[in-house]
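Scroll down for the structure; my scribbles are underneath it.
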Amino acid sequence: MKTPLFTWHEAHSASLINDRGIELSAHFTDPLREYQAVREKAGLIDYSFRVQVRMTGEDRVSFLQGIVSNDVKALHPGEGCAATLLTEQGRLVADLRVYALDSALLLDVDARIKDKATEALSRFIIADDVELEDLSEQHVTLALQGPLATQVLTAAGVSLSLPQAFQHGEGTIGSSAVHIVRADDTGSDGYELFVFRAHAEQVWQTLLRVGEPFGLRPVGLTALNLLRVEAGIPWYGVDMDESRIVLEVGLEHAINFKKGCYLGQEVVERATARGHVNRKLSGLLVSGETIPVSGDKLFHDSQEVGWVTSAVASPRCGRPIALAYVRREHLAPGTQLRIDRQGTPVIAEVTMLPFAR
């Protein structure tokens with residue numbers, strides 16, 4: 001699968017990479033300059049690995065309320081929330097966002113698990129008045145991230161006020177209608193834009209043009225990965241999958257612990273009542289210059305206590321950092337662990353997420 005912006009990226013000498021089946025830009029210039037643009041000014045990211053599914057029908061709200069982990073019944077049009085789709089055993093089928101429209105719900109999910117998520121939902125649509133429409137061939141997702149993202153949107157002619165996370169509404173950029181969501185994907189605040197596929201390149205170029213005075217840069221996957229790891233944001237297929245119980249991943253913000261029944265609720269309730277899960281996705285501050293890789297095992301003395309899922313050389317921390325699953329007995333910040341990096345021991349210290357400045 002190629003991003004709809006592939007031709008533009010190629011024409012502007014982007015370094016391209018196949019990321020788990022999707023051709024995306026790794027970087028346009030120096031990844032560190034792209035990283036700094038998002039941290040200090042603004043960056044525009046091709047987010048075409050996120051897609052939307054529209055849910056319609058009179059029973060859409062009651063149906064989804066009984067399936068996902070957050071309280072979608074409480075949403076008014078223009079509001080949204082993070083949520084998870086679980087198995088009956090509380091394991092993670094998909095992390096998603098739900099946005100309420102006047103006569104529909106919009107589900108936002110990673111393109112690589114879109115089919116799995118829609119199939120899981122469809123299995124439970126029996127006598128319900130619910131229909132699912134895949135919008136992945138109609139829309140493209142862009143992310144405008146950074147402290148000056150709002151100024152860039154204003155310069156593009158958008159006057160929409162979205163002060164709270166997951167609030168959303170309609171705007172126009174150039175002659176193109178755009179659905180805009182307040183969403184922080186990098187730890188630097190910002191927005192996501194759902195754009196009609198035929199207008200994606202026009203909107204992309206318009207934002208880069210009006211954003212130039214604000215220091216806006218196109219940003220590739222390399223810088224995005226630095227940003228999201230520093231922010232402690234897990235990605236499905238990298239840091240979490242269906243083998244994980246939702247509470248292990250740290251997605252409590254996507255769970256409403258007071259709502260009624262939903263798939264996997266019994267497991268979530270039992271773990272919550274117990275007060276812990278056996279392991280948790282945590283941060284690691286790594287000593288030295290060696291960057292761990294996904295799958296590297298963690299040890300405390302001779303005991304294996306976890307494994308690494310993502311690691312980067314962090315500009316913010318000035319050292320390698322990692323996301324890793326760590327057994328609960330060793331989760332205290334400051335705990336020293338050993339990473340087995342191809343037979344070479346590397347020392348790492350457990351820390352809270354997100355990583356501190």
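The values are calculated or read from the model by the stated rules, or taken from the named source; none is laboratory data. Since this is a predicted model, take the numbers as computed values, not measurements. As a convention, Cβ positions derive from the backbone with ideal geometry for all residues, glycine included, and neighbour counts pool all protein chains shown. In case anyone asks, the SASA skips ligands and DNA or RNA and just uses the protein heavy atoms, side chains included. Shrake-Rupley method; radii C 1.70, N 1.55, O 1.52, S 1.80 Å.
With +1 on each Lys and Arg Cβ and -1 on each Asp and Glu Cβ, and nothing else charged, work out how big the dipole of the range 48-166 is about its Cα centre, in Debye to the nearest 20.
On the way: 10 positive and 17 negative charges, 92 e Å.
I would put it at about 440 debye.
Tell me which of Val140, Leu5, Ile245 sits at the most positive position along the dipole axis of the chain, charges placed on C-beta atoms (Lys, Arg +1; Asp, Glu -1). Comparing the listed Cα positions along the dipole, Ile245 ranks first. Given +1 at the Cβ of Lys and Arg, -1 at the Cβ of Asp and Glu and no other charges, the dipole of the range 165-209 around its Cα centre is 180 debye to the nearest 20.
Between Ala149, Val98, Ser161, the Cα set farthest toward the positive side of the dipole of the chain (charges on each charged residue's Cβ, about the Cα centre) is that of Ala149.
In the chain, a dipole from Cβ-located charges (positive for Lys and Arg, negative for Asp and Glu) runs towards its positive end, and of Val277, Phe257, Ile22 it is Val277 whose Cα lies farthest in that direction. The peptide list 181-188, 123-130, put in order of mean Cβ contacts within 10 Å with the highest first, becomes 181-188, 123-130.
For Leu208 and Glu242, a Förster radius of 30 Å and the Cβ-Cβ distance give a FRET efficiency of 0.20, rounded to the nearest 0.05. 3J(HN,Hα) along the range 160-169: 5, 9, 10, x, 10, 4, 6, 5, 8, x Hz, from the Karplus curve 6.51 cos²θ - 1.76 cosθ + 1.60 with θ = phi - 60°, whole Hz, x for Gly and Pro. Springs join every pair of Cα atoms under 10 Å in this Gaussian network model of the chain, and among Gln202, Gln265, Gln65 the largest mean-square fluctuation is at Gln202. Backbone phi angles across the range 107-123, fed through the Karplus curve with coefficients 6.51, -1.76 and 1.60 (θ = phi - 60°), yield HN-Hα couplings of 9, 10, 8, 4, 4, 6, 10, 4, 5, 4, 5, 5, 5, 5, 5, 4, 4 Hz in residue order; Gly and Pro are listed as x. Which of Ser136, Ser282, Ser103 ends up with the largest GNM mean-square fluctuation for the chain, with Cα atoms connected below 10 Å? Highest fluctuation among the options: Ser103. Does a label point 7 Å from the Cα of Phe196, set along Cα-to-beta-carbon, have any residues of the range 1-27 with amide nitrogen under 19 Å, and which are they? Within reach of a label on Phe196: 4-5. Across the range 260-274, computed HN-Hα scalar couplings (Karplus, 6.51 cos²θ - 1.76 cosθ + 1.60, θ = phi - 60°) run x, 5, 8, 4, x, 4, 4, 5, 4, 5, 5, 5, 5, 5, 5 Hz from first to last residue, x flagging Gly and Pro.
Distant-in-sequence amide contacts of Thr3, defined by a placed amide H-H separation under 5 Å and a gap of 5 or more residues or a different chain, comprise Glu23. Site-free segments of the chain were taken between GluC sites (Glu not before Pro) in DSSP loops having at most 11 other Cβ atoms within 10 Å, sites themselves excluded; the longest one is 138-288. As a fraction of the 1.4 Å probe accessible area of the range 108-168, surface on carbon and sulfur atoms comes out at 48 percent. Taking amide H as placed 1.01 Å from N in the peptide plane, the amide H of Ile173 sits under 5 Å from that of Val178, each at least 5 places away or on another chain. Each peptide in 308-314, 16-22, 66-72 receives the mean, over its residues, of other Cβ atoms within 10 Å, and ordering these scores from highest gives 66-72, 308-314, 16-22. If you find the alpha carbon centre of the range 14-32 and of the range 199-265, how far apart are they in angstrom? Each part's Cα centre sits 17 Å from the other's.
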